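Visitor: The structure follows.
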Amino acid sequence: MFDFQYFTPTKVVFGKNTESRVAELIREFGGTKILIHYGGGSVVRSGLLKRVTDSLDAAGLAYVTLGGAVPNPHLGLVYEGIELCKKEGVDFLLGVGGGSAIDSAKAIGYGVANEGDVWDFYDYKRKATGCLPIGVILTIAATGSEMSDSSVITKEEGLVKRGYSSDYCRPKFAIMNPELTMTLPDYQTACGCTDIMMHTMERYFTNGGNMDITDALAEGLLRTVKDNALILCKDPKNYDARAEVMWAGSLAHNGLTGCGNDGGDWMTHKLEHELGGLYDVAHGAGLAAIWGSWARYVYKDCLPRFKKFAINVMGVEDSGSDEEIALRGIEAMEDFYRSINMPTNLRELGVEATDEDLVLMAQKCAIGVGGEMGSAKVLNEEAMLAIYRASM
Ligand code: NZQ
Ligand code: ZN
């Protein structure tokens, strides 16, 4: 068991109609001039944005709006947001939408609170010393950005997708109404469930220390999301299933399921980020497409954890050799992906990559992680390329 620090300052307001409390929460955290930042328009179509602006109008809170955060959000819009905030004297950011709008808001927050080019943080050149306060109204259960310390941005030039993490950007509050996720396309719901599970799996497949309580929480979370993802495939309007998945999404990425371990593996995420940068695929689908190849490449170096996962999460029978059990667990996970219409390789993801593309992604991925990374197994550029090739 490793020492750990667990910091989750986000006030969670969960349940039906909770978005009606947005003005009160912004006031509680000192906001007086707000930038409402959102994505490609789902919040306009659903009427959520209008309800939010009506609430702020009624409370006498001044605001400006900036939409257009795309999935795999772009640096260009972040720059635009920073300029707008400076011009308008914005002192509070409200991200309304999914991980992309929230991450873009976090990047804007860094850009306003720090001098110089905000990309420096994502390029690991220097560290932020602050961030404008952020509140969130979540519309898709997926990234956990509503409580996480991360923000992931894509620089259009060179299609470089990079994450930056610091406690400064953790949201002050997160409004989570499961009903708001009912307008999601089924594909996005499944992508979200995949991402949620992966955030806990990245922390689970390690060779570092572990705590029984953390493992029990992680395994319970994984089983819960798996079961409720299957329910949502058949019954997308099921409120309770939406609520289970939504809360799991926050717990999967606020640090809870990593307490006592070594920080996690995270290589499936790093490999996916290159796919997202180059091919603009949905993050969750990219993770599903790469995970099986990663798992088969590393499982022998992390056998006890793969065996435990197979039995406790995937319900595999405890018979045969450890290796057989681990492999049956990987197969069961891939079967689960298929059952929620997620891809299990790059072709199913719709990516027709040439070998040069795979080489380029492995190069970029290795640069992005500073050479090599991983806990289940440390991967270098050659290993990354082998996994990309196996995932075709
Ligand atoms: O843009 P709009 O029009 O809102 O549509 C979005 C988008 O097309 C749509 N959507 C969201 N809520 C909806 C809805 N459509 C109908 N009804 C609703 N209620 O769904 C699509 C996906 O939205 P997006 O925000 O891109 O999804 P997600 O939350 O999965 O975010 C993905 C981004 O977050 C990053 C990913 O890499 C990716 O860039 N991540 C962020 C993390 C973090 N900050 O902690 C961790 C993750 O591992 C991840 O890397
Ligand atoms: Zn993720």
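The values are calculated or read from the model by the stated rules, or taken from the named source; none is laboratory data. Just so it is clear, the model here is predicted, and its values are computed rather than measured. Glycine also receives a Cβ, built like all others from the backbone with ideal geometry; neighbour counts cover every protein chain displayed.
Visitor: Taking the stated definitions as given, is residue 246 farther than 17 Å from residue 392 by Cα, modelled with pLDDT of 95 or more, within 15 Å of ligand 2 (Cβ to nearest atom) and not assigned by TED's automatic domain parsing to the domain that holds residue 175?
Guide: Criteria not met by residue 246.
Visitor: Is it the case, given these coordinates, that residue 220 is free of Cβ contacts under 8 Å to residues at least 40 places away in the same chain, small (Gly, Ala, Ser) and over 26 Å from residue 27 (Cα atoms)?
Guide: When the stated conditions are applied, residue 220 passes them.
Visitor: Among helices (runs of 4 or more DSSP H) lying entirely in the range 1-117, which contain 3 or more residues that are in contact with a Pro (Cβ under 7 Å, 6 or more places away or on another chain)?
Guide: 99-113
Visitor: Of the residues 214, 200, only one is under 18 Å from residue 375 (Cα atoms), surrounded by fewer than 24 Cβ atoms within 10 Å (Cβ to Cβ) and without any contact (Cβ under 8 Å) to a residue 60 or more places away in the chain; which?
Guide: Answer to the check: 214.
Visitor: Can you spot a residue in the range 108-128 that is near ligand 1 (Cβ under 10 Å from one of its atoms), more than 22 Å from residue 198 (Cα to Cα) and of a type outside the set (Phe, Trp, Tyr)?
Guide: Looking for residues that are near ligand 1 (Cβ under 10 Å from one of its atoms), more than 22 Å from residue 198 (Cα to Cα) and of a type outside the set (Phe, Trp, Tyr), one finds none in the range 108-128, hence no.
Visitor: Additional query: Given the criteria over 29 Å from residue 94 (Cβ atoms), at pLDDT 95 or above and more than 14 Å from ligand 2 (Cβ to nearest atom), does residue 219 qualify?
Guide: So residue 219 passes the test.
Visitor: With respect to residue 181, is the statement that it is in contact (Cβ under 8 Å) with a residue 60 or more places away in the chain and in contact with a helix residue (DSSP H, G or I) (Cβ under 8 Å, 6 or more places away or on another chain) true?
Guide: Judged against the criteria, residue 181 is a match.
Visitor: Also, quick follow-up: Which condition breaks for residue 368 when tested against (1) at pLDDT below 95; (2) of a type outside the set (D, E, K, R); (3) surrounded by fewer than 16 Cβ atoms within 10 Å (Cβ to Cβ)?
Guide: Of the numbered conditions (1) at pLDDT below 95; (2) of a type outside the set (D, E, K, R); (3) surrounded by fewer than 16 Cβ atoms within 10 Å (Cβ to Cβ), the odd one out for residue 368 is (3).
Visitor: Right, something else. Is it the case, given these coordinates, that residue 60 is within 26 Å of the chain's Cα centre (by Cα) and of a type outside the set (A, V, I, L, M)?
Guide: no
Visitor: Which of the residues belonging to the range 133-146 are in contact with a strand residue (DSSP E or B) (Cβ under 6 Å, 6 or more places away or on another chain) and in a loop (DSSP other than H, G, I, E, B)?
Guide: If the condition is that a residue be in contact with a strand residue (DSSP E or B) (Cβ under 6 Å, 6 or more places away or on another chain) and in a loop (DSSP other than H, G, I, E, B), then 133, 139, 146 are the ones that fit.
Visitor: Of the numbered conditions (1) within 16 Å of ligand 1 (Cβ to nearest atom); (2) within 16 Å of residue 205 (Cα to Cα), residue 341 satisfies every one except a single condition; which is it?
Guide: Result: residue 341 fails condition (2) only.
Visitor: Within the range 169-177, identify whether any single residue is part of a helix (DSSP H, G or I) and away from ligand 2 (no atom under 15 Å from the Cβ), and answer yes or no.
Guide: yes
Visitor: Going by what's in this entry, would residue 266 be described as of a type outside the set (Asp, Glu), surrounded by fewer than 23 Cβ atoms within 10 Å (Cβ to Cβ), touching a helix residue (DSSP H, G or I) at 6+ places or on another chain (Cβ under 6 Å) and not assigned by TED's automatic domain parsing to the domain that holds residue 122?
Guide: Yes, satisfied.
Visitor: Continuing with the same structure: Quick one: which of 289, 282 is under 30 Å from residue 364 (Cα atoms), more than 11 Å from ligand 1 (Cβ to nearest atom) and in contact (Cβ under 8 Å) with a residue 60 or more places away in the chain?
Guide: Testing whether each residue is under 30 Å from residue 364 (Cα atoms), more than 11 Å from ligand 1 (Cβ to nearest atom) and in contact (Cβ under 8 Å) with a residue 60 or more places away in the chain leaves just 289.
Visitor: Is at least one residue of the range 318-336 basic (Lys, Arg) and within 22 Å of residue 218 (Cβ to Cβ)?
Guide: Yes: the range 318-336 contains one or more residues that are basic (Lys, Arg) and within 22 Å of residue 218 (Cβ to Cβ).
Visitor: Here's a follow-up. With the requirement that a residue be within 16 Å of ligand 1 (Cβ to nearest atom) and among the hydroxyl-bearing types (Ser, Thr, Tyr), what does the range 129-145 give you?
Guide: 139, 143, 145, listed by residue number.
Visitor: Moving on. Quick check on residue 151: is it buried (at least 24 other Cβ atoms within 10 Å of the Cβ), outside the structural domain of residue 282 (by TED's automatic domain parsing), within 8 Å of ligand 1 (Cβ to nearest atom) and not in a loop (DSSP other than H, G, I, E, B)?
Guide: yes
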